[in-house]
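Data block below; observations after.
No value in this document is a laboratory result; all are computed from the given coordinates. None of these values were measured; they are calculated from a predicted model. With ideal geometry, Cβ positions are generated from the backbone for all residues, glycine too; neighbour counts draw on all protein chains shown.
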Amino acid sequence: MTQEVKIPNDRIGAIIGKGGETRKFLEKMLHVTLEVDSQSGLIEIINKEDSLSEIRAMEVIKAIGRGFSPERAKKLLDDDDMILTLIDISDIADTPQKLARIRGRIIGREGKAREQIENMTGALVSVYGKTVGIIGMPDQMNDAHTAVTMLINGSDHSTVFNFLDRKKKEAKLDVLNYYY
């Protein structure tokens, strides 16, 4: 079976990796063959075994294409429950100025807001072009998605971080209640 994924041309090098190491790793780990067209940005995934490998390969390639480093994108392979979600901010940001403002709110000064969201949720966040990518377990991803959506909609950073702090405390309490 074959699937195709289109990624931005400037991310093709990240898919291939230095000396082809990222591509080789993905092919070996997922039992697929990757045909990369560096002119169009089209990557063909040729499945050798099962459709789960094909889906995982598509997710990792999409993640790298949306700005995650290959090392961070490979986290999708750590657990079958790990998922990638993409938030398209082009609908909200209809001008380049709005897009820059929203991206800046999510990233924060020197990347502090993005880093804080990652630290408080355990999810990984990437802001690239007109999308925000989130990698994590379902509960981590949901909290990070809500936090990013709050920032997109104009909530104060302190409100967002208070929300995440509350969610973190609730999760800890849930674990304690489960065991005791």
Going by average Cβ neighbours within 10 Å, how do the peptides 121-132, 84-95 rank, with the highest at the top? 121-132, 84-95
Relative to the chain, whose Cα atoms define the longest principal axis, helix 112-121 and its Cα axis are tilted in degrees, nearest 10, by 90
Which of these values of Cα extents along the principal axes in Å was calculated from the structure shown: (1) 50, 45, 26; (2) 38, 37, 36; (3) 46, 36, 31? (1)
Rounding to the nearest 10 and keeping the result within 0 to 90°, find how far the Cα-based axis of helix 96-107 lies from the longest principal axis of the chain. 70
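Just to verify a number: FRET efficiency for SER90 and LEU176, C-beta to C-beta distance, R0 = 41 Å, to 0.05?
Details: r = 42 Å, r/R0 = 1.02.
Step by step, r from the Cβ atoms, then E = 0.45.
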What relative contact order, as a whole-number percentage, does the chain give when Cα pairs under 8 Å and 6 or more residues apart are counted? 17
